[in-house]
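*Asks:* Please find one structure pasted underneath; my questions will follow.
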Amino acid sequence: MSHLDIIKKYNIAPKKSLGQNFLVNDNILDEIVDFIDLENKNIIEVGPWYWALTSKILSKNPKSLELVELDKKMIEILNDRIENWELRIENINFKINNADILKFEPNYEEYLVVANIPYYITSPILTHFFYNTEFQASEMIILMQKDVWDKILKKSWNKNSVLSLGVDFACEEVKEIIKVGASNFIPPPKVESSVLYFKLKKDINKDKSKIFLKLIKAWFAEKRKKLISNLSKIWWYEKKMLDEIFVKLNLSDNVRAEELDLDKWNELLDEIALIPNKNLS
């Protein structure tokens, strides 16, 4: 059954409020699931919608597959397709979760995330699986707006952002799998897309990562101001202490948050962690 046949049969109308754009090019869907080995792996798929990508994942014989879908109507369609034998679930731990992905907590210590997600929630979803879940994903394959990918790579400007630093801190490898034009979707989005692969670091200190995320969010909230001014204002550190740290790290008083690379942020974080401050816990 083709994508158009499924959409017509179940009278599926993409919901603009949920950012639904259905990827209907099977060649691209195949490239997504062929990029890494999914056999005998625990997979979490975010936003399965009517199950175009799900069937491709199932063909790779994963150990388990959990779907996380917010749209109750789409879950009804998924269950109907199972009952009608349009989709076969055999020899696999399978579950459909009607849940907000930003509140979803995986139960696996080792798992992969595959997602064709609404563009407006891309950054929060990355942050959720990088920093907020008890068990961190080992790998992620995410279809996202190309502009977000450019921001991660700092293509449009040679400066950092909360997103680019958050990715650099959490991941040991990030690469583009394939570019996806708007014509491959129903309805076509107004932007170009890319499928991205993220391999996460295994040795991230959980406490340090949460402090890091909290700090960079605070500092970038007023990114046009000097970094030292933001730090003293937001975290109530004595200016003298900060001056000493900046001198030790050979940082100018005029430096702004977006100008520091990850290595310098790590050095700064290590020094700041030595200063007692209840707001970092």
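The values are calculated or read from the model by the stated rules, or taken from the named source; none is laboratory data. Just so it is clear, the structure is predicted and the values come from calculations on it, not from any experiment. Counting neighbours? That spans all protein chains shown, and the Cβs are built from the backbone with ideal geometry, glycine included.
*Asks:* If you take the residues in the stretch 124-178 that are within 17 Å of Glu110 (Cβ to Cβ) and among the β-branched types (Val, Ile, Thr), which one is farthest from the chain's Cα centre (by Cα)?
*Replies:* That would be Thr133.
*Asks:* Scan the stretch 193-202 for residues that are over 14 Å from the mean Cα position of the chain (by Cα) and either at pLDDT 90 or above or over 20 Å from Val114 (Cα atoms) (or both) and report the count. Lay out the reasoning, then the answer.
*Replies:* The first filter runs over the stretch 193-202 and keeps only residues over 14 Å from the mean Cα position of the chain (by Cα), leaving 193, 201-202.
Of the ones still in play, those that are also either at pLDDT 90 or above or over 20 Å from Val114 (Cα atoms) (or both) are 193, 201.
The qualifying residues number 2.
*Asks:* For the stretch 20-39, give me the residue count where each residue is under 21 Å from Glu176 (Cβ atoms), under 19 Å from the mean Cα position of the chain (by Cα) and part of a loop (DSSP other than H, G, I, E, B).
*Replies:* 4
*Asks:* Is it the case that the stretch 158-165 has a residue that's outside any helix (DSSP H, G or I), out of contact with any strand residue (DSSP E or B) (no Cβ under 9 Å at 6 or more places or on another chain) and at pLDDT 90 or above?
*Replies:* No, every residue in the stretch 158-165 fails to be outside any helix (DSSP H, G or I), out of contact with any strand residue (DSSP E or B) (no Cβ under 9 Å at 6 or more places or on another chain) and at pLDDT 90 or above.
*Asks:* Which residues, taken from the stretch 33-52, are at pLDDT 90 or above, buried (at least 18 other Cβ atoms within 10 Å of the Cβ) and touching a strand residue (DSSP E or B) at 6+ places or on another chain (Cβ under 6 Å)?
*Replies:* The answer is Lys41, Asn42, Ile43, Ile44, Glu45, Val46.
*Asks:* Out of all the residues in the stretch 82-119, which are within 12 Å of Gly47 (Cβ to Cβ) and in a helix (DSSP H, G or I)?
*Replies:* Correct list: Ile101, Tyr119.
*Asks:* Further question: If we scan the stretch 155-174, do we find a residue that is among the basic types (Lys, Arg) and either under 26 Å from Thr54 (Cβ atoms) or crowded, with 20+ Cβ neighbours inside 10 Å (or both)?
*Replies:* Checked against the condition, which is being among the basic types (Lys, Arg) and either under 26 Å from Thr54 (Cβ atoms) or crowded, with 20+ Cβ neighbours inside 10 Å (or both), the stretch 155-174 yields no hits at all.
Yes or no, residue by residue, for (1) of a type in the set (Val, Ile, Thr); (2) more than 29 Å from the chain's Cα centre (by Cα); (3) at pLDDT below 80:
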{"residue": "Trp219", "(1), (2), (3)": "no, no, yes"}
{"residue": "Lys223", "(1), (2), (3)": "no, no, yes"}
{"residue": "Ser232", "(1), (2), (3)": "no, yes, yes"}
{"residue": "Lys239", "(1), (2), (3)": "no, yes, yes"}
{"residue": "Lys248", "(1), (2), (3)": "no, yes, no"}
{"residue": "Leu260", "(1), (2), (3)": "no, no, no"}
{"residue": "Glu271", "(1), (2), (3)": "no, no, no"}
{"residue": "Asn279", "(1), (2), (3)": "no, no, yes"}
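*Asks:* Any residue in the stretch 138-149 that is of a type in the set (A, V, I, L, M), in a helix (DSSP H, G or I) and out of contact with any Ser or Thr (no Cβ under 6 Å at 6 or more places or on another chain)? Full working, then the answer.
*Replies:* Of the residues in the stretch 138-149, the ones of a type in the set (A, V, I, L, M) are 140-144, 148.
Filter once more, keeping what is in a helix (DSSP H, G or I): 148.
Subset that is out of contact with any Ser or Thr (no Cβ under 6 Å at 6 or more places or on another chain): none.
Among the residues of the stretch 138-149, not one is of a type in the set (A, V, I, L, M), in a helix (DSSP H, G or I) and out of contact with any Ser or Thr (no Cβ under 6 Å at 6 or more places or on another chain), which makes the answer no.
*Asks:* Take the stretch 1-19 and flag every residue that is assigned to a helix (DSSP H, G or I) and of a type outside the set (A, V, I, L, M, F, W, C).
*Replies:* Hits for the stretch 1-19 are His3, Asp5, Lys8, Lys9, Lys16, Ser17.
*Asks:* Looking only at residues in the stretch 201-231 that are in a loop (DSSP other than H, G, I, E, B) and in contact (Cβ under 8 Å) with a residue 60 or more places away in the chain, which one is farthest from Phe169 (Cα to Cα)?
*Replies:* Lys202
*Asks:* Take the conditions of a type in the set (Asp, Glu) and either free of Cβ contacts under 8 Å to residues at least 24 places away in the same chain or under 22 Å from Ile186 (Cβ atoms) (or both) and apply them to Glu66. Does it pass?
*Replies:* So Glu66 fails the test.
*Asks:* Using the structure shown, decide if Leu65 is more than 21 Å from Ala170 (Cβ to Cβ), at pLDDT 90 or above and crowded, with 18+ Cβ neighbours inside 10 Å.
*Replies:* Answer is yes for this residue.
*Asks:* Right, next: Which one is nearest to Tyr119 (Cα to Cα) among residues in the stretch 40-61 that are free of Cβ contacts under 8 Å to residues at least 40 places away in the same chain and assigned to a helix (DSSP H, G or I)?
*Replies:* Thr54
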